[in-house]
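Asks: For reference, the structure I am asking about is given below.
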Amino acid sequence: MEYVQLGRSTTQVPKIGFGTWQYHGGGGVLRRAHELGAAFVDTAEVYGTEAQVATDLAGLRDDFFIATKVSPQNLHHSDVLAHCAASLKRLATDRIDLYQVHWPNPDIPIAETMRAMAELVADGQVRYVGVSNYSVAQMQEAQDALGDVPLVSNQVKYSLGAREIEADILPYCQEHNITVIAYSPLAKGDFSGPGLERVAGIANARGKTPAQIMLNWLVSQPQVIAIPKTDRVERVDEAVGATGWTMDPAERTALTSS
């Protein structure tokens, strides 16, 4: 496994972690991820999977980087504090490694939310603050409100089939040392569309799977990690096998050319 620095923190995280939307657990996925050095799990209060993550991490908590999210309707100051406490209880832990705002809420000031986030960091309940689905302007506002507490990440939809963030969000994050956490990195298994039809050819030539090509394309970029979701242990091995090698420029160009 390859590792990168999480934003402007001193913590190294694996380039491949695992998401838990519609995760059923109980099959050894997170334990296999731990064995392979991919000990990063992402959940959210709205997923309803925090308690399952805690069960699956029994005895491994200190070895895992746990990320979760507070829902957009819960972004008032007091709600953030209360919902963090509830997530801590469900996760059976005394701290959340990365606490993220799941979606921005235009009806609740970002500054109010970030004031609560900074307090959670100061109290030791949260190690790092992140956001999800934030625009450049919203990231700027969040960092201004956080003051000395760094905004370390923005979790966004990003894959070969969904490259909208390359217009502004990705370059901004790379310039300001904010880690991009790519969700839906495998385009939910849809390998059709511009560029994606070339994935199979490159995979065959390299002796890799299409999923490994798509993940490698993502995590070979600066400040990008990916969190595919799976309930199958063999898929953990496949995802981790997307690291430790790189495609040549011609292959990358072929994947992204129209």
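The values are calculated or read from the model by the stated rules, or taken from the named source; none is laboratory data. Computed from a predicted structure; not experimentally measured. Heads up, the Cβs are rebuilt from the backbone with ideal geometry, glycines too, and the neighbour counts pull from every protein chain shown.
Asks: Of the residues in segment 220-258, how many are over 12 Å from I16 (Cβ atoms) and acidic (D, E)?
Replies: Looking only at that region, the number is 4.
Asks: Tell me, please, whether a residue that is assigned to a helix (DSSP H, G or I) and in contact (Cβ under 8 Å) with a residue 12 or more places away in the chain can be found in segment 125-133.
Replies: no
Asks: Could you list, in sequence order, the residues of segment 144-156 that are free of Cβ contacts under 8 Å to residues at least 40 places away in the same chain and either buried (at least 18 other Cβ atoms within 10 Å of the Cβ) or of a type in the set (K, R) (or both)? Spell out how you get there, then give the answer.
Replies: Restricting attention to segment 144-156, the residues satisfying the condition of being free of Cβ contacts under 8 Å to residues at least 40 places away in the same chain are 144-149, 154, 156.
Once the filter is applied, which keeps residues that are free of Cβ contacts under 8 Å to residues at least 40 places away in the same chain and either buried (at least 18 other Cβ atoms within 10 Å of the Cβ) or of a type in the set (K, R) (or both), segment 144-156 yields A145, L146, V149, N154, V156.
Asks: Here is a follow-up. Do you know which residues across segment 193-209 are within 19 Å of P249 (Cβ to Cβ), at pLDDT 90 or above and not in a helix (DSSP H, G or I)?
Replies: Result: K208, single match.
Asks: While we're here: Among the strands (runs of 3 or more DSSP E) confined wholly to segment 1-105, which include 3 or more residues that are in contact with an Asp or Glu (Cβ under 7 Å, 6 or more places away or on another chain), among the β-branched types (V, I, T) and at pLDDT 95 or above? Please lay out each step first, then the result.
Replies: On the way: elements: 3-5, 12-14, 40-42, 65-70, 96-101.
By residue number, 65-70.
Asks: Also, quick follow-up: Among the listed residues E166, E141, identify the single one that is free of Cβ contacts under 8 Å to residues at least 24 places away in the same chain and either part of a helix (DSSP H, G or I) or closer than 18 Å to A239 by Cα (or both). Don't jump to the end; show me each part of the working.
Replies: On the way: E141 fails: free of Cβ contacts under 8 Å to residues at least 24 places away in the same chain.
Unique residue meeting the criteria: E166.
Asks: Quick check: anything in segment 108-128 basic (K, R), surrounded by fewer than 20 Cβ atoms within 10 Å (Cβ to Cβ) and at pLDDT 95 or above?
Replies: Here is the first cut: in segment 108-128, the ones basic (K, R) are 115, 127.
Then drop every residue that is not surrounded by fewer than 20 Cβ atoms within 10 Å (Cβ to Cβ), which leaves 115, 127.
Filter once more, keeping what is at pLDDT 95 or above: 115, 127.
The answer is yes; a qualifying residue exists.
Asks: Here's another thing I want to ask about it. Would segment 151-160 turn up any residue that is at pLDDT below 95 and not hydroxyl-bearing (S, T, Y)?
Replies: yes
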